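Since the structure comes first, as structure tokens, the remarks are kept for the end.
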Amino acid sequence: MPFKALTRRGFVASAAALSACAPHGQGGGVKLRIGQQKNGVLLLAKLHGQLPTLLAPAGISKVDFFEFGAGPPLLEALRAGAIDIGGVGDTPPIFAQAAGAPLVYAAAQPLTGQAEGIVVPASSKVQTLHDLKGKRIALTKGSSAHLFTVKALATVGLSLDDVTPAYLSPADASAAFTNGALDAWAIWDPFFAIVQASQKARLLVDGRAVTPSSSFFIASRAFAEASPKPLAATLDALAGEAVWANTHQNEAASLIQASTGLPAPIVAATLSRGEFSVRPMSAAVVHAQQDNADTLSRLKLIPSAIDVSADVWRGWTPAT
């Protein structure tokens, strides 16, 4: 199935290219560097191609996009000063905060939970989450799938100590799942939809079985402090892109299909699992993210407790 996955070699090449980028304030105007994955508002904004025009009045002279296979490497690039803003799930910023990364939560997108799940091979004898005890389950360390797996196992009285985690990137986990080397895989869209269609993977549980969460638009603290108006303008523009995507799903699907090479049914499946949105960091969202951080701290999956609210940026009030 034609799908342009980010390989380790590709990531190294991308990192080299990123390191060569000029700082975002050089050469007249703000140069905005965006990290995006193969899903979400940022992907649609890239493909729709309207951001440079929308952001020019805010003093942003150039917009560059850089693609990452998962949230943890994206936030590593942000920590290194190679990108200014990016989109990730709930878990990567917690790990990054715990490691002292200079980041801020700029905005959020509440999730339905349908775009993430734990799947098993079609022929597997595993029928329930409890049947995963002692089994080998793939997940990407530090990703949203990491916390989701912890939460899902807890609903049946299990923990990561009761299973054998295989910490793999989505590309490596896909190969291992296809080759029969895994008992289960915790993964998100579009990889989730792909394995369901191509391998007839059977869903054990999706994110609706655990506490609702959000994905986040994370900015570097340096960018937020140096360019608050351009950052706010960027969030306004992204909120507009979310509205456009929700009201032009056929056009959005065509753009994604042409860019990724994914079949139309896969794209349709991913778009059906929730609405795009870009919202300010509400008290409820911060509280839910703090609960996530406290869970990871209690399980000693991060070295110490963190205060999510300390890294929330409150400089954006939506224009509409």
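The values are calculated or read from the model by the stated rules, or taken from the named source; none is laboratory data. Predicted, not measured: the structure shown is a model, and the values here were computed from it. Because the Cβ atoms are built from the backbone with ideal geometry, glycine has one as well, and the counts that use them run over all protein chains shown. Ligands, DNA and RNA are excluded from the accessible area calculation, which covers all protein heavy atoms including side chains. Shrake-Rupley method; radii C 1.70, N 1.55, O 1.52, S 1.80 Å.
Take LYS151 and tell me if it is open to solvent by 40 Å² or more (accessible area, probe 1.4 Å) and out of contact with any Lys or Arg (no Cβ under 9 Å at 6 or more places or on another chain). Working first, answer last.
Working: open to solvent by 40 Å² or more (accessible area, probe 1.4 Å): no; out of contact with any Lys or Arg (no Cβ under 9 Å at 6 or more places or on another chain): yes.
Spelling it out, it is not the case that LYS151 is open to solvent by 40 Å² or more (accessible area, probe 1.4 Å) and out of contact with any Lys or Arg (no Cβ under 9 Å at 6 or more places or on another chain).
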TODO: Only residues that are among the aromatic types (Phe, Trp, Tyr) and assigned to a strand (DSSP E or B): list them for region 58-82, please.
DONE: PHE65, PHE66
Task: Total residues in region 260-308, condition in a loop (DSSP other than H, G, I, E, B) and either open to solvent by less than 30 Å² (accessible area, probe 1.4 Å) or of a type outside the set (Asp, Glu) (or both) - done: 20
Open item on the list: I'm told ARG9 meets every condition in (1) open to solvent by 30 Å² or more (accessible area, probe 1.4 Å); (2) modelled with pLDDT of 95 or more; (3) of a type in the set (Lys, Arg) except one. Can you identify the failing condition by its number?
Closed with: (2)
- [ ] Evaluate region 49-68: report whether one residue or more is touching a helix residue (DSSP H, G or I) at 6+ places or on another chain (Cβ under 8 Å), within 22 Å of HIS146 (Cβ to Cβ) and of a type in the set (D, E, K, R).
- [x] yes
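Mind checking which residues of region 167-183 are of a type outside the set (Asp, Glu) and either in contact (Cβ under 8 Å) with a residue 60 or more places away in the chain or in contact with a helix residue (DSSP H, G or I) (Cβ under 7 Å, 6 or more places away or on another chain) (or both)? If you could, list the steps in order and put the result at the bottom.
Restricting attention to region 167-183, the residues satisfying the condition of being of a type outside the set (Asp, Glu) are 167-171, 173-182.
Listed by number, the residues that qualify are LEU168, SER169, PRO170, ALA171, SER174, PHE177, LEU182.
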TODO: Might you check whether a residue that is part of a helix (DSSP H, G or I) and either among the β-branched types (Val, Ile, Thr) or open to solvent by 40 Å² or more (accessible area, probe 1.4 Å) (or both) occurs anywhere in region 312-320?
DONE: no
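If you go through region 182-196 one residue at a time, do you hit one that is small (Gly, Ala, Ser) and open to solvent by 20 Å² or more (accessible area, probe 1.4 Å)? Give the derivation first.
As a first pass, look at region 182-196 and keep what is small (Gly, Ala, Ser): 184, 186, 193.
Retained after the next criterion (residues that are open to solvent by 20 Å² or more (accessible area, probe 1.4 Å)): none.
The answer is no; no qualifying residue exists.
In region 245-259, what residues are within 20 Å of the chain's Cα centre (by Cα) and open to solvent by 30 Å² or more (accessible area, probe 1.4 Å)? Explain how you work it out, then say what you get.
Going through region 245-259, the residues within 20 Å of the chain's Cα centre (by Cα) turn out to be 245-246, 252-253, 255-257, 259.
Once the filter is applied, which keeps residues that are within 20 Å of the chain's Cα centre (by Cα) and open to solvent by 30 Å² or more (accessible area, probe 1.4 Å), region 245-259 yields ASN246, LEU255, GLN257, SER259.
If you check LEU231 against the conditions, is it part of a helix (DSSP H, G or I) and open to solvent by less than 20 Å² (accessible area, probe 1.4 Å)?
Working: part of a helix (DSSP H, G or I): yes; open to solvent by less than 20 Å² (accessible area, probe 1.4 Å): yes.
Yes, satisfied.
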Task: Matching entry among LEU44, LEU32, LEU55 (being open to solvent by less than 30 Å² (accessible area, probe 1.4 Å), outside any loop (DSSP other than H, G, I, E, B) and closer than 29 Å to PHE177 by Cβ) - done: LEU44
Task: Pair list, Cβ < 6 Å and 6+ apart or interchain, from region 219-240 residues that are among the aromatic types (Phe, Trp, Tyr) to residues that are outside any helix (DSSP H, G or I) - done: PHE223/ASP84
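Among the listed residues SER144, SER124, which satisfies the condition of being in contact with a Gly (Cβ under 9 Å, 6 or more places away or on another chain), small (Gly, Ala, Ser) and open to solvent by 10 Å² or more (accessible area, probe 1.4 Å)?
On the way: SER124 fails: in contact with a Gly (Cβ under 9 Å, 6 or more places away or on another chain).
Within the list SER144, SER124, the selection yields SER144.
Evaluate region 257-276: report whether one residue or more is among the charged types (D, E, K, R), touching a helix residue (DSSP H, G or I) at 6+ places or on another chain (Cβ under 7 Å) and farther than 30 Å from SER174 by Cα.
Step one: of region 257-276, the residues among the charged types (D, E, K, R) are 273, 275.
Checking which are touching a helix residue (DSSP H, G or I) at 6+ places or on another chain (Cβ under 7 Å) leaves us with 275.
With farther than 30 Å from SER174 by Cα added as a condition, the list becomes none.
Within region 257-276, not a single residue is among the charged types (D, E, K, R), touching a helix residue (DSSP H, G or I) at 6+ places or on another chain (Cβ under 7 Å) and farther than 30 Å from SER174 by Cα.
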